[in-house]
1. Among the candidates Val53, Val100, Val28, which residue alone is closer than 22 Å to Asp302 by Cβ and β-branched (Val, Ile, Thr)?
2. Pull up segment 278-298, narrow it to residues that are part of a strand (DSSP E or B) and touching a Lys or Arg at 6+ places or on another chain (Cβ under 9 Å), then point me to the one that is surrounded by the fewest Cβ atoms within 10 Å (Cβ to Cβ).
3. Can you find, within segment 75-106, the residue that is nearest to ligand 1 (Cβ to nearest atom) among those that are in a helix (DSSP H, G or I), of a type outside the set (Ser, Thr, Tyr) and over 22 Å from Gln45 (Cβ atoms)?
4. Identify all residues within segment 109-166 that are part of a loop (DSSP other than H, G, I, E, B), charged (D, E, K, R) and farther than 20 Å from Gly211 by Cβ; write none if there are none.
5. Please identify the pairs in which a residue from segment 1-22 that is under 25 Å from Phe183 (Cβ atoms) and more than 15 Å from ligand 2 (Cβ to nearest atom) has its Cβ atom under 9 Å from the Cβ atom of a residue that is assigned to a loop (DSSP other than H, G, I, E, B) and among the polar types (S, T, N, Q), counting only partners at least 6 apart or on another chain.
6. Scan segment 23-34 and give yes if some residue there is part of a loop (DSSP other than H, G, I, E, B), surrounded by fewer than 22 Cβ atoms within 10 Å (Cβ to Cβ) and within 16 Å of ligand 2 (Cβ to nearest atom), otherwise no.
7. When residues of segment 179-204 are filtered for being touching a Lys or Arg at 6+ places or on another chain (Cβ under 9 Å), buried (at least 18 other Cβ atoms within 10 Å of the Cβ) and assigned to a helix (DSSP H, G or I), how many remain?
Amino acid sequence: MSELCAVILAAGQGTRMRSKLPKVAHPVAGLPMIAHVVEACRAIQAKRSLVVVGYQAERVREALVGEAIEFVLQPEQRGTGHALLQTEQALSGFEGDLLVLPGDTPLLTSRTLEELLRAHRQAHADATVLTAEVREPHGYGRVVRDRTGELLRIVEEPEATPQEREIHEINTSVYCFAAIPLFEALRAIRPSAVKGELYLPDVVVHFRERGRRVQALRAADPDEVRGVNSRAELAEVHRLLWRKAAARLLAEGVTLLDPESAYTGPLVSIGPDSVLYPNVVLEGRTVVGEGTTIHSGCRVRDSKIGDATVILDGSIIQESEIGERCQIGPYAHLRPQATLKSNVKVGNFVEVKKSVIGEGSKVPHLTYIGDTSMGDRVNIGAGTITCNYDGFVKHRTVIEDDVFVGSNTSLVAPVSVGRGAIIAAGSTITEDVPADAVAFGRAQQINKAGRASALRAKQREKR
Ligand code: UD1
Ligand code: CA
């Protein structure tokens, strides 16, 4: 079996999006569009993966941080053929097959890519084009076959005759090529007379004229290969992926009270007996355990939520980890790197950032916990604030096991509160509190007997 490299074309601006952001960096269900394509490629285990970048290359690179990808620059966007030609040097000496993909087909699955590869290898083809029968072919390159069904060529819409525009079989922009003849062809083909761009699909005709084996494979599911060129198509793709995820979750034993308003991304997994109320958005690589309930208006991105946890309405959870049997919200905000162990309660209007909250600890109301490490069984009174920022740098707060913090306390970091200590309500804590101490950090109260009625009398005189 010949070796395989993958190339994703992602240098275009995506003019039809009317956006400052490059098209392939637009988020789809919480992940950049191109990250979905990379995800689909993962299972085919290509020897190398290259991404051609150009327009706002930096933004596209950022969208793929942490991925094992080589970036190749296309300094000027002169068409898909020109984009692929830019990889020639990086791939010099490579004699295997190239899987070529556009960066704007986020619904693509690895199963379809595997089928394409199998067909390509079985036929010993020089080019295999993945095509699709669609109801609305407008905007796509059309697939022209002869009477026997052989692939003749692909014609782009601007060049297509009225009859060709009637063709409903379209080019998906996913291909498999033998690398050596591909680069020969890309060097030889000429730019389109209409658009002045080098069209990658023109390789088909070039190959045919030289007796090379070309073939077209129809994708089983035409929805999977939808390209996103406009905001309308971006919305359409979301609708399709949410619907697909909803069907998958229902089959896996998850209750969706309203599948039509379950906005779950393709890389989200949820354990059986979990329940999603209407209008829950689950994005990125989120994992939800078994028997967990998420109420309406919650948004969770790139987070892990344990079993039997309840997330009440209106909560936002990002890049965080929540243990088993926790209760979160309503209206809680877990910002990146919030780690909640099991049996934790984080109540209404509580914000947690870059902090660990130990087992069985409770932060029930109106609190900010940032840059904090909190032990087990801690109780945080309403209105407590960790003052982690002095206007210059962030500092850490340490709260050990079994601490009780009275309501409306300010913990001015860096500060630590020892095991079992008690802090009186309304304290401003600027010094470390030793274990088992009771800390009062507030002005002493003075009661002046009988002064209230005297004060009222004085006020009456004034009026
Ligand atoms: C392309 C195909 C068309 C197919 C459709 C499927 C060509 C000429 N046409 O059209 O047959 O039906 O995809 O969705 O190939 N890109 C670059 N550099 C460039 C131009 C484009 O890297 O100079 C990248 C884009 O970032 C994008 C991909 O190539 O990810 C496809 O480009 P796009 O402009 O979307 O092509 P379509 O007009 O959709
Ligand atoms: Ca496209």
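The values are calculated or read from the model by the stated rules, or taken from the named source; none is laboratory data. This one's a predicted model, so the numbers in the text were calculated from it and none came from an experiment. Cβ placement follows ideal geometry from the backbone for every residue including glycine, while neighbour counts extend to all protein chains displayed.
1. Val28
2. At the first step, the residues of segment 278-298 found to be part of a strand (DSSP E or B) are 280-283, 287-288, 293-294.
If we keep only those that are touching a Lys or Arg at 6+ places or on another chain (Cβ under 9 Å) as well, we get 280-283, 287-288.
Numbers: Val280: 24, Val281: 20, Leu282: 29, Glu283: 21, Val287: 17, Val288: 27.
In this case the residue turns out to be Val287.
3. So in segment 75-106, the residues in a helix (DSSP H, G or I) come out as 80-85.
If we keep only those that are of a type outside the set (Ser, Thr, Tyr) too, we end up with 81-85.
From what is left, the residues that are over 22 Å from Gln45 (Cβ atoms) are 81-83, 85.
Working: Gly81: 7, His82: 6, Ala83: 3, Leu85: 10 Å.
That would be Ala83.
4. Those that are part of a loop (DSSP other than H, G, I, E, B), charged (D, E, K, R) and farther than 20 Å from Gly211 by Cβ: Arg135, Glu136, Glu156, Glu166.
5. Leu4/Gln45; Cys5/Thr87; Val7/Thr87
6. Yes, segment 23-34 contains a residue that is part of a loop (DSSP other than H, G, I, E, B), surrounded by fewer than 22 Cβ atoms within 10 Å (Cβ to Cβ) and within 16 Å of ligand 2 (Cβ to nearest atom).
7. Adding up the residues that qualify gives 4.
Every residue, every condition in (1) modelled with pLDDT of 95 or more; (2) within 30 Å of Cys176 (Cα to Cα); (3) surrounded by 18 or more Cβ atoms within 10 Å (Cβ to Cβ), yes or no:
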residue	(1), (2), (3)
Leu217	yes, yes, yes
Ser230	yes, yes, no
Ala251	yes, no, no
Leu276	yes, no, yes
Val300	yes, no, yes
